[in-house]
Amino acid sequence: MKRELHVLSDGKKELDEFCQMALSIQSAATAIHLREKHRSEEEIERWVYTLIKEGISSTKIIVNSYYSVAGRWGTAGVQLPEEGPSPQTVKRLYPELRVGCSIHGLETGYQKEREGADYLLYGNIYQTESKAGLKGKGVKSLASLTEAVSIPVIAIGGIHLSNLEKVLQTKVSGVAVMSSIAQAHNPVERAERFQSRIQRSCYHV
């Protein structure tokens with residue numbers, strides 16, 4: 001199984017700008033997350049509709065929190081917050097969705113695995129602007145989690161090309177990137193470099 005590259009929206013772009021970026025990087029990205037915490041469910045539904053209409057494959061789109069939107073539009077999956085509903089609840093309603101859970105600790109990882117999560121999004125690994133003042137959990141913590149659970153773990157938080165190799169030395173199943181791609185001068189080139197390095201890494205899960 002190849003490692004994955006998840007690209008998250010940064011909450012700073014309007015729909016047209018984000019759509020253009022998503023179109024340009026979708027061949028390099030495994031998944032494109034709509035992580036727009038300040039937007040309503042109705043707005044996110046409009047985003048999903050527009051992305052699909054403009055040519056983004058629904059199999060690339062992961063909707064944060066609003067699982068009903070993901071289910072209605074047949075997107076690849078939904079990303080649930082740590083304090084959100086259990087994966088079991090979502091799967092009963094939309095069994096076809098891939099359900100990921102954001103976690104920040106090992107015990108929560110065990111819990112979400114028991115509740116049927118398909119993968120865990122774990123971070124922040126390094127200090128990052130989106131989590132100002134919050135110290136990174138580090139690669140050792142990530143390695144411990146990947147050894148402890150049996151479902152895929154996607155690492156997130158402050159991951160750049162400069163520290164990517166350290167992350168990939170663990171049994172992580174992929175990485176999730178926000179600003180390093182979304183705010184890059186050339187998002188396509190940056191996403192392709194991430195994807196190339198990820199697939200060249202020595203450990204494939």
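Mind giving me the FRET efficiency for residue 88 and residue 50? R0 is 45 Å, r the Cβ-Cβ distance, nearest 0.05 is fine.
0.90
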Handout entry: Charge dipole magnitude, Cβ of K and R +1, D and E -1 - the stretch 1-140, Cα centre, debye nearest 20
Key = 460 debye
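Calculate, in nm to one decimal, what residue 38 and residue 59 gain on full extension: separation in residues at 0.36 nm each, minus their alpha carbon distance.
Working it through step by step, the gained length comes to 5.2 nm.
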Completion exercise
With all protein chains present, the chain has a carbon and sulfur share of its accessible area (1.4 Å probe) in percent of 49 percent
Fill in the blank from the handout: Listed residues 175, 149, 78; largest mean-square fluctuation, Gaussian network over the chain with Cα springs below 10 Å, found at 149
Exercise for the section: Would you mind classifying the stretch 107-165 by shape? Square roots of the alpha carbon gyration tensor eigenvalues, ordered a ≥ b ≥ c; an a/c under 1.5 is rounded, otherwise it is prolate if a/b is larger than b/c and oblate if not. Expected result: prolate
Exercise for the section: Take the alpha-carbon centre of the stretch 63-90, take the same for the stretch 1-40, and report the distance between them in whole Å. Expected result: 16 Å
Completion exercise
Pseudo-spin-label distance residue 169 to residue 144, built 7 Å along Cα→Cβ, given in nm, is 1.8 nm
Completion exercise
Rounded to the nearest 10 Å², the 1.4 Å probe accessible area of residue 58 is 30 Å²
Problem - Positive-end extreme of charge dipole, the stretch 1-78 - chosen from 52, 21, 6 (charges on Cβ) - result: 6
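Between residue 199 and residue 135, take the C-beta separation as r, use R0 = 30 Å, and let me know the FRET efficiency to the nearest 0.05.
0.50
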Exercise for the section: Working with all protein chains in place, sort 193, 72, 98 by solvent-accessible area computed with a 1.4 Å probe, largest first. Expected result: 72, 193, 98
Practice task
Report the label-to-label distance for residue 162 and residue 17 in nanometres (one decimal), using points 7 Å from each Cα along the Cα→Cβ vector.
Solution key: 2.4 nm
Handout entry: Accessible surface, 1.4 Å probe, highest first, among residues 153, 139
Key = 139, 153
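Report, in debye and to the nearest 20, how large the dipole of the stretch 60-114 comes out about its Cα centre when Lys and Arg carry +1 and Asp and Glu carry -1 on their Cβ.
260 debye
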Practice task
Give the accessible area for residue 49 in Å² (nearest 10); use a 1.4 Å probe, count only protein heavy atoms, and leave out ligands, DNA and RNA.
Solution key: 110 Å²
Exercise for the section: Give the accessible surface of the stretch 42-192 per residue, rounded to a whole number of Å², with probe radius 1.4 Å and ligands, DNA and RNA excluded. Expected result: 46 Å²
Fill in the blank from the handout: Which of (1) 1.15; (2) 1.05; (3) 0.95 is the computed Cα Rg over 2.2 N^0.38 Å? It is (3)
Handout entry: Exposure rank, largest accessible area first [112, 91, 137; 1.4 Å]
Key = 137, 91, 112
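The values are calculated or read from the model by the stated rules, or taken from the named source; none is laboratory data. This is a predicted model, so every value here is computed, not measured. Here the Cβ is made from the backbone with ideal geometry for all residues, glycine too, and neighbour counts use every protein chain on show. Just so you know, the surface numbers come from the protein's heavy atoms only, side chains and all, with ligands and any DNA or RNA stripped out. Shrake-Rupley method; radii C 1.70, N 1.55, O 1.52, S 1.80 Å.
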